[in-house]
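The values are calculated or read from the model by the stated rules, or taken from the named source; none is laboratory data. Being a predicted model, the structure only gives us computed values, none of them experimental. When we count neighbours, we look across all protein chains shown, and the Cβ atoms used for this are built from the backbone with ideal geometry, even at glycine.
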Amino acid sequence: MSSTNLKTYDASPAVRVAFLGLGVMGYPMAGHLALAGHQVTVYNRTASKSAAWCEEFSGHANTLGVNAFAATPREAAHSADIVFCCVGNDQDLRSVTLGSDGAFAGMQPGTIFVDHTTASAVVARELGAVAQTLGLQFIDAPVSGGQAGAQNGLLTVMCGGHTAPFDRARPVALAFARAFTLLGDQGAGQLAKMVNQICIAGVVQGLSEAIAFGQKAGLDMNQVLDVIGKGAAQSWQMENRGKTMVSDKFDFGFAVDWMRKDLGLVLDEAKRNGARLPVTALVDQFYADVQALGGQRWDTSSLIKRLR
């Protein structure tokens with residue numbers, strides 16, 4: 001089965017791009033860029049993943065040259081017009097951008113770096129400032145939509161940066177996104193992703209309590225979800241995770257470890273800006289309980305496990 005589901009791509013002139021990070025999100029995102037006709041050079045810390053990606057996508061036609069993989073971020077970025085990145089955290093992001101083998105060292109003046117890592121607003125501003133001194137453009141652009149969104153090319157992307165590079169990057173990024181929106185200066189994309197994660201944390205906890213309550217009360221919760229899903233309680237989480245929560249299935253989706261990483265970013269930022277997040281802080285501790293149950297890689301909907 002292909003990692004990337006073909007979609008209808010908007011007409012966009014082919015450009016040379018690099019993609020750094022071929023995890024569960026980056027691999028299909030880079031694939032969509034290749035399928036849309038762009039020339040893609042990939043880099044991944046584990047070189048075998050890069051080789052596998054090239055084997056899958058090297059045959060897709062473009063007018064600029066063959067798709068390839070590079071040994072370092074610098075090498076990958078050297079000839080790129082746009083460098084996309086999707087790695088794990090702030091430290092990973094610094095490691096692929098900075099230093100003698102980092103992407104910034106290989107990028108030509110005017111090149112755009114689009115970072116899809118869910119990271120801190122602090123590192124987005126830091127790297128934006130470094131990029132500016134080098135004559136580069138930096139956009140922080142975390143995504144929402146999960147692995148399925150990446151595979152189907154339907155991610156929602158929240159961006160922070162300047163208008164001109166955003167306008168250049170947007171038609172290319174729409175190969176893997178359905179929305180690519182500029183929300184403010186550098187850091188704004190990361191802050192918007194934090195808002196997204198705050199919303200998800202509260203909704204999943206509420207849904208967990210509702211399902212656990214209904215099951216204790218002897219209700220057929222699949223039937224109940226069908227009914228209340230047509231009313232005001234409806235949500236993406238209910239539609240996509242409700243019935244798997246009822247059946248106790250969590251071996252898919254966005255891992256608890258990653259959610260805790262994201263909520264850590266949220267709570268750190270709240271300390272800086274003075275926001276009060278009592279429910280978010282509580283749900284973060286509930287996720288710690290799930291980790292203690294052995295659920296580090298379970299989907300975030302596994303919050304219900306601690307109620308059973």
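As a summary of the residue check, residue 64 satisfies the conditions (1) of a type in the set (A, V, I, L, M, F, W, C); (2) more than 27 Å from residue 253 (Cβ to Cβ); (3) outside any strand (DSSP E or B); (4) touching a helix residue (DSSP H, G or I) at 6+ places or on another chain (Cβ under 9 Å) except for the one numbered (4). Residues that are out of contact with any strand residue (DSSP E or B) (no Cβ under 9 Å at 6 or more places or on another chain) and of a type in the set (Ser, Thr, Tyr) were ranked within region 103-148; the one that is farthest from residue 300 (Cα to Cα) is 133. For region 170-215, a residue qualifies if it is in a loop (DSSP other than H, G, I, E, B) and in contact with a His (Cβ under 9 Å, 6 or more places away or on another chain), and the qualifying residues are 175, 176, 185, 186. Those residues that are surrounded by fewer than 24 Cβ atoms within 10 Å (Cβ to Cβ) and either among the small types (Gly, Ala, Ser) or assigned to a loop (DSSP other than H, G, I, E, B) (or both), I need them from region 83-96; list them, please. Once the filter is applied, which keeps residues that are surrounded by fewer than 24 Cβ atoms within 10 Å (Cβ to Cβ) and either among the small types (Gly, Ala, Ser) or assigned to a loop (DSSP other than H, G, I, E, B) (or both), region 83-96 yields 88, 89, 95.
Checking each residue in region 165-186 for being charged (D, E, K, R) and over 18 Å from the mean Cα position of the chain (by Cα) picks out 167, 168, 185.
Of all the numbered requirements in (1) aliphatic (A, V, I, L, M); (2) surrounded by fewer than 16 Cβ atoms within 10 Å (Cβ to Cβ); (3) closer than 30 Å to residue 166 by Cα, residue 259 misses one, and that requirement is (2). Is it the case, given these coordinates, that residue 99 is in a loop (DSSP other than H, G, I, E, B) and surrounded by fewer than 23 Cβ atoms within 10 Å (Cβ to Cβ)? Taking the combined requirement at face value, the residue satisfies it. Please determine whether any residue of region 25-41 is part of a strand (DSSP E or B) and of a type in the set (Phe, Trp, Tyr). Checked against the condition, which is being part of a strand (DSSP E or B) and of a type in the set (Phe, Trp, Tyr), region 25-41 yields no hits at all. Condition check: on the phi < 0 side of the Ramachandran plot and at pLDDT 95 or above. Does residue 242 satisfy that? Judged against the criteria, residue 242 is a match.
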